[in-house]
Amino acid sequence: MYVNKIYSKKFILPALIIFFLLFLLPSILGFYYSLTNWNSMSENIKFIGLANFKEIFSDTGNFIFMKNTLMYAFFTTVLKVIIGLGLALMLNEGIKSKGLLRTIYFLPIIISNLIVGIMFQQVLHPANGILNHALEFIGLSSWTQAWLEDPSWVMWSTIGVEVWKSAGFVMIIFLAGLQTVPKETIEASDMDGANYWNKLIKIIVPSIAPSILINTLLSIISGLKVFDVIFALTNGGPGRFSEVINITIFNQFSMGNYGYSTALGVIMFIFLAIISIGIIMIFTRKETNS
């Protein structure tokens, strides 16, 4: 009898006030300060229009952190979705010890990013790291690298660490989605002689489209917002070869360039909003058409 009851709009006021004070107001102030010369060297804050944005995009040295951020977000998203889906498909079958394996694959996500970064500093150490010792042990000495010091390998090393840490979380979301795949359809396709690939492409993947959307969206947002893993692993080095946008914001804020760093934050916010809305629209359109 209470399903259709309309409550007074006054009930939403506390939540609305908290949301405004803790999210909307700081965001609006952030937009304003990105248009100012706010810094630690001057007490006066002047409105300078789009000067901070012009400086960001006119400095060719900034392209490297933009490229690194996009590269990190793209490849971590693709690899996490592919590996997470593969693990989920494998552990959704009736294999023994699948409960134990699910726990093992999920465990890395509960470890702090800073701890993961410090741990992999030792794993990827060029002289004493476990990875290089393991490659030498199996006769692949030519494959050993200075994983975190070589500019051509450092971004791939950070991507590998993120995939190792988060693939288990992606797997859990896919496992939940696989429980919604209609068993009757699978059984009917078996009777028609469909092979596993056909069932995967034509039945399983369309059935778990919402899980793919969630994993893709969360992975892209996580990739674009990355900070602590790379900060702990390389602090953006060597040089600026592993620097991403949040490390640049942190460095600029530490140097007292508050307006400039706030403008970088606004750029990232707009970029995240465009990508998120675009992905949601694409998946929503596909669901509507199907």
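Of all residues in the stretch 75-100, those satisfying the criterion of being over 19 Å from Trp197 (Cβ atoms) and open to solvent by 50 Å² or more (accessible area, probe 1.4 Å) are Phe75, Val78, Leu79, Gly94, Ile95, Lys96, Ser97, Lys98, Leu100. I'd like to know if the stretch 64-74 contains one or more residues that are of a type outside the set (A, V, I, L, M), free of Cβ contacts under 8 Å to residues at least 40 places away in the same chain and either farther than 24 Å from Leu131 by Cβ or loosely packed, with under 11 Cβ neighbours inside 10 Å (or both). Yes, the stretch 64-74 has at least one match.
Among the residues of the stretch 21-53, which ones are more than 13 Å from Asn257 (Cα to Cα), open to solvent by less than 40 Å² (accessible area, probe 1.4 Å) and assigned to a loop (DSSP other than H, G, I, E, B)? The answer is Gly49, and nothing else. Within the stretch 111-141, restricting attention to residues that are of a type in the set (Val, Ile, Thr) and under 13 Å from Ser157 (Cβ atoms), the residue that is most open to solvent (accessible area, probe 1.4 Å) is Val123.
Within the stretch 142-154, can you find the residues that are outside any loop (DSSP other than H, G, I, E, B) and either over 19 Å from Met119 (Cβ atoms) or open to solvent by 50 Å² or more (accessible area, probe 1.4 Å) (or both)?
Residues satisfying the conditions are Ser142, Trp143.
Could you say whether any residue in the stretch 176-196 is buried (at least 16 other Cβ atoms within 10 Å of the Cβ), in contact (Cβ under 8 Å) with a residue 40 or more places away in the chain and not small (Gly, Ala, Ser)? For the stretch 176-196, residues buried (at least 16 other Cβ atoms within 10 Å of the Cβ), in contact (Cβ under 8 Å) with a residue 40 or more places away in the chain and not small (Gly, Ala, Ser): present.
The values are calculated or read from the model by the stated rules, or taken from the named source; none is laboratory data. As the structure is a computational prediction, the values presented were derived from the model and not from experiment. Quick reminder, even Gly has a Cβ in these numbers, built from the backbone with ideal geometry, and neighbours come from all protein chains shown. Protein only, heavy atoms only, side chains kept; ligands, DNA and RNA dropped before computing areas. Shrake-Rupley method; radii C 1.70, N 1.55, O 1.52, S 1.80 Å.
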